[in-house]
Amino acid sequence: MNEELTTEEKIIAAARKLFMHKGFSATRTRDIADEAGINLALLNYYFRSKQNLFQIIIEEKFGKLFGIITPILSDKEISLEKKIETLVESYTSMLLENEDLPLFVLSEIKSNEFIAERVKQNAEILSQPVIENQLRERGFTISSFNFIMNVMSLTLFPFMSKPLFVSSGLIKEEEFVSFITERKKDIPIWVMNTLK
């Protein structure tokens, strides 16, 4: 059943699209209203300001980004190997649905205090005592921060570099999903090999 979007949902979808492609500063409320197919007064009635809309989009994106990682990292029952596989699988799926997210966060973090604050609030995720203990029990000296950073870097970098890879001809647009799907099988092996 194909339900009609509410006005509020149309505005959020339009804002999400424009913020991800143009950034906060370059997106005008008029652009959002036009994209949503509504008048500016209606946008202001629902959300009051561009900043309020931006915060909704950021909360949504950060919820996806950090909502995946926290339960996995803090579970003592999940082995290091399984943590890596699950993180890579979850992040890859999420990034394939939100390819613009990594570059968006990087470009906005410099100029938008709200994003910087949101990143700071989630920074404790990168120093997980459960991971630290699992690493020590296995005799690995790498910190949990570096361990998580390695997994995230190997997963995020191709998405951040995609425009460069595609424009230089190193990979075709239509091959990217296949490339990422193959790569995600190898990342857990690469990470575990760096620990030995």
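The values are calculated or read from the model by the stated rules, or taken from the named source; none is laboratory data. Since the structure is predicted, the reported quantities are computational estimates derived from the model, not experimental observations. Methodologically, a virtual Cβ is constructed for each residue, glycine included, from the backbone with ideal geometry; neighbour enumeration extends over all protein chains shown.
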### Task
Would you be able to say whether some residue in the stretch 141-162 is under 19 Å from R16 (Cα atoms) and of a type in the set (D, E, K, R)?
no
### Task
Report, ordered by the first and then the second residue, all pairs with beta carbons closer than 7 Å, sequence separation of six or more or different chains, a first member in the stretch 127-154 that is farther than 18 Å from I72 by Cα, and a second member that is crowded, with 17+ Cβ neighbours inside 10 Å and not hydroxyl-bearing (S, T, Y).
R138/L80; I142/L135
### Task
Taking the residues in the stretch 157-183 that are surrounded by 13 or more Cβ atoms within 10 Å (Cβ to Cβ) and touching a Leu at 6+ places or on another chain (Cβ under 7 Å) as candidates, determine which candidate is nearest to K83 (Cα to Cα).
I180
### Task
Look through the stretch 10-29, keep the residues that are closer than 15 Å to I115 by Cβ and of a type in the set (S, T, N, Q), and return whichever of them is modelled with the lowest pLDDT.
S25
### Query
I187 is checked against (1) surrounded by fewer than 13 Cβ atoms within 10 Å (Cβ to Cβ); (2) modelled with pLDDT of 95 or more and fails just one. What number does that condition carry?
(1)
### Query
Which residue out of S127, S153 is surrounded by 12 or more Cβ atoms within 10 Å (Cβ to Cβ), within 19 Å of the chain's Cα centre (by Cα), at pLDDT below 90 and small (G, A, S)?
S127
### Summary
If you go through K76, K82, K61, K22, the only one that is surrounded by fewer than 17 Cβ atoms within 10 Å (Cβ to Cβ), among the basic types (K, R) and within 20 Å of the chain's Cα centre (by Cα) is K22
### Summary
Selection from the stretch 26-67 of residues among the aromatic types (F, W, Y) and under 14 Å from T7 (Cβ atoms) yields Y45, Y46, F47
### Message
Need the failing condition index for R136 against (1) surrounded by fewer than 13 Cβ atoms within 10 Å (Cβ to Cβ); (2) at pLDDT 80 or above; (3) in contact with a helix residue (DSSP H, G or I) (Cβ under 9 Å, 6 or more places away or on another chain), just the number.
### Response
(3)
